[in-house]
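Structure record follows, encoded as structure tokens.
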Amino acid sequence: MSSSVTAATRTEAHRRLGVPAVAFLIVAASAPLTVIAGGSTSAFSVTHVLGVPFGFVVLAATLAVFAVGYAAMSRFVTNAGAFYSYVSQGIGRPAGIGAAVLALIAYNAMQVGIWGMFGFQVSSLIEAKTGLATPWWLWVLVGIAVVGVMGVNRVDLSAKVLGVLVALEFLVVIVFDVVAFANPAEELTAAPITPASLFVPGVGAVLAFGIAAFMGFESAAIYGEESKNPKRTIPRATFLAVGVIGVFYTISSWALAIAIGPEKIVDPAGIAPEEAGPPLFFNFVYSALGEIWVDVMSILFITSVFAAVVSFHNAVARYAFSLGREGVLPRGLGAIRAESGAPWAGSVLQTAIAVVVIVGFAIGEIGWDPAGGPFAVLTLFTWLTNLGAFGLVLLMVLVSAAVIGFFRRDRRDVGVGSRIIAPAISFLALGTVWVLILMNWDVLLGQPTTTPTSFILPAVILIPSIGAALWGLHLRRARPEIYARIGHGADTTDAPRLGAEAAQD
């Protein structure tokens, strides 16, 4: 076997993931504790809308409808490229390449952006407990190294680690929920989970904030080639994750409103700026449960963020692997480890991207006034996670259209509800959410007025994606053999191998 060979063959031995494992990978990306302690508190503080919990109901229902068509298509398309493959086969190969670049940028933005919160929380906790001030980026680089090692090893190892972390997250938030409902600040009311509390001025910002909490739920298809029975595992894991996340976020954000007080939590003058966001959650925990529980939840908040970056790292690595395997990106990215089936080249690429961006932001912090707030959170985390959510929602809009296109040519005995009605509804609903994100961009970034960032960030994801689609049209003329493979996986009958398998040749 030639030493220049860089791709590898996946075998049945690499199919290790069942429904619970894939569901844990999905839920980990959504980071339940981070959403409640960080996302929900920020949504209340910024929008001043009491219906944040009901917003989760609306979004969960929308994503469940999306999952109907998505699950139907996953029975026939099993590819690590996931949405890239769906768009390629449902809309067309040029659109598929555009979707692939969209996914790569969006998942990278989510993963790298979340590191900002991780670094800030770790450095803050260490300083609070020891008095030692350490730079946030130091702990990020340590974390990136750990995730990089996990990324090149067996995916079921990551699933087991994430399973433990997610279980602990659920446990402590359930404790918070019970204590909050038992100790209402004002009165026990169902108002936060009623439609009337959501559909008021500001509803767009609530939905724009809320959709980011679900990002990662769509990642099940990425693990299709590593699932024991993808035609059953992927749909079941997706519906399980959407149901669990939707119910959990609704109840826990309702508990948060009860703990702080429905009137206080939406009153712009009711909460001091230094108490807004995560302090709302942790201050209540301190007053109701004591300092030990604050420490426990602070640590699990950090592990929650860590679990999310592991999950998004896996997503980026598998998209890069799929594109490399098909020759759209350099073939070297199609390399996997023979023993584990992990896309090591894609994993290394994502690690390198994360290091470069983190170093860039660390340099950019020079001259920042600490009185202006935590740099890592206000820039790296806020900018990139919102950019990632913006891209992933657009990706789901494209997939909704792709489902209709895929079954239009061949119904494959799939009912009209799954192949037309559900994807059409999700196309309109998610398209609306995407427009709302665009309209509320300044609100999501915490900016009082429009700045160049308001235009630069969307352009970062849209322009390369459009350019990639045009590149696909070029490939149709210049490289028809590569064009034919776009979104359809590689012919593995002659795919080269690495590691132990290569040594046997």
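The values are calculated or read from the model by the stated rules, or taken from the named source; none is laboratory data. The structure presented is a predicted model; accordingly, all values stated were derived computationally and were not measured. So basically every Cβ, Gly included, is an ideal-geometry build from the backbone, and we count neighbours across all protein chains shown. In case anyone asks, the SASA skips ligands and DNA or RNA and just uses the protein heavy atoms, side chains included. Shrake-Rupley method; radii C 1.70, N 1.55, O 1.52, S 1.80 Å.
Among D413, D177, D369, D267, the order of accessible area from largest down is D413, D369, D267, D177, computed with a 1.4 Å probe on protein heavy atoms. Against the criterion of solvent-accessible heavy-atom surface with a 1.4 angstrom probe, F321, F181, F239, F248 sort, most first, into F239, F181, F248, F321. The Stokes-Einstein estimate for segment 170-315, based on a Kirkwood radius over Cα pairs and taken at 4 °C with 1.567 mPa s viscosity, is a diffusion coefficient of 75 µm²/s.
Using Cα centres only, tell me the gap between segment 234-312 and segment 369-383 in whole Å. Here the answer is 20 Å between Cα centres. Counting only lysines at least 8 places from K231 when in the same chain, those with an alpha carbon closer than 29 Å to its own are K160.
Using every pair of distinct Cα positions in segment 263-372, the Kirkwood expression returns a hydrodynamic radius of 17.9 angstrom. Around the Cα centre of the chain, unit charges on the Cβ atoms of Lys, Arg, Asp and Glu (plus for the first two, minus for the last two) sum to a dipole of about 2160 debye. Scanning residues 5 or more positions from A335 or on other chains, those with amide H under 5 Å from its amide H are A345, G346, with H placed 1.01 Å from N in the peptide plane. Packing here is the average count of other Cβ atoms within 10 Å per residue, and on that basis the peptides 444-451, 108-115, 322-329, highest first, run 108-115, 322-329, 444-451. Couplings for segment 183-192, taken from phi via the Karplus curve 6.51 cos²θ - 1.76 cosθ + 1.60 with θ = phi - 60°, read 10, x, 6, 10, 7, 7, 9, 9, 3, x Hz in order; Gly and Pro are left as x.
Inter-part distance, segment 41-117 to segment 412-458, computed on C-alpha centroids, equals 10 Å. Mean sequence separation of contacting Cα pairs (under 8 Å, at least six apart), scaled by the length of segment 62-137, corresponds to a relative contact order of 15 percent. Computed over protein heavy atoms with a 1.4 Å probe, the carbon and sulfur contribution to the accessible area of the chain reaches 68%. Computed over the chain, the per-residue total of -39500 (n - 2.57) for DSSP H runs of n ≥ 4 gives a 222 nm mean residue ellipticity of -22500 deg cm²/dmol, rounded to 500.
Each residue of segment 419-427 was assigned a 3J(HN,Hα) from its phi angle through the Karplus curve 6.51 cos²θ - 1.76 cosθ + 1.60 (θ = phi - 60°); the sequence is 9, 10, 5, 4, x, 5, 5, 5, 4 Hz, with glycine and proline shown as x. Considering only Cα atoms, the convex hull volume of the chain works out to 145 Å³ per residue. For V152, the amide hydrogen comes within under 5 Å of no other amide hydrogen, counting only partners 5 or more places away or on other chains and with H modelled in the peptide plane. Ordering 464-472, 122-130 by mean Cβ neighbour count within 10 Å, with the highest value first, yields 464-472, 122-130. In the chain, Cα pairs under 8 Å separated by at least six residues give a relative contact order of 36 percent. Over all projection directions, the Cα-based convex hull of segment 294-344 averages an area of 4.1 nm². Amide H contacts under 5 Å for L17: S227, K228, restricted to partners 5 or more places along the chain or on a different chain, H placed in the peptide plane at 1.01 Å from N. Looking at the chain, the accessible area is 38 square angstrom per residue; that uses a 1.4 Å probe and ignores ligands, DNA and RNA. The relative contact order of segment 332-426, computed from alpha carbon pairs under 8 Å that lie at least 6 residues apart in sequence, is 15 percent.
Karplus-derived 3J(HN,Hα) values for segment 439-444, using 6.51 cos²θ - 1.76 cosθ + 1.60 with θ = phi - 60°, are 6, 10, 4, 5, 5, 5 Hz; glycine and proline are entered as x.
Sorting the segments 35-41, 477-483, 457-463, 433-439 by their mean number of nearby beta carbons within 10 angstrom, highest to lowest, gives 35-41, 433-439, 457-463, 477-483.
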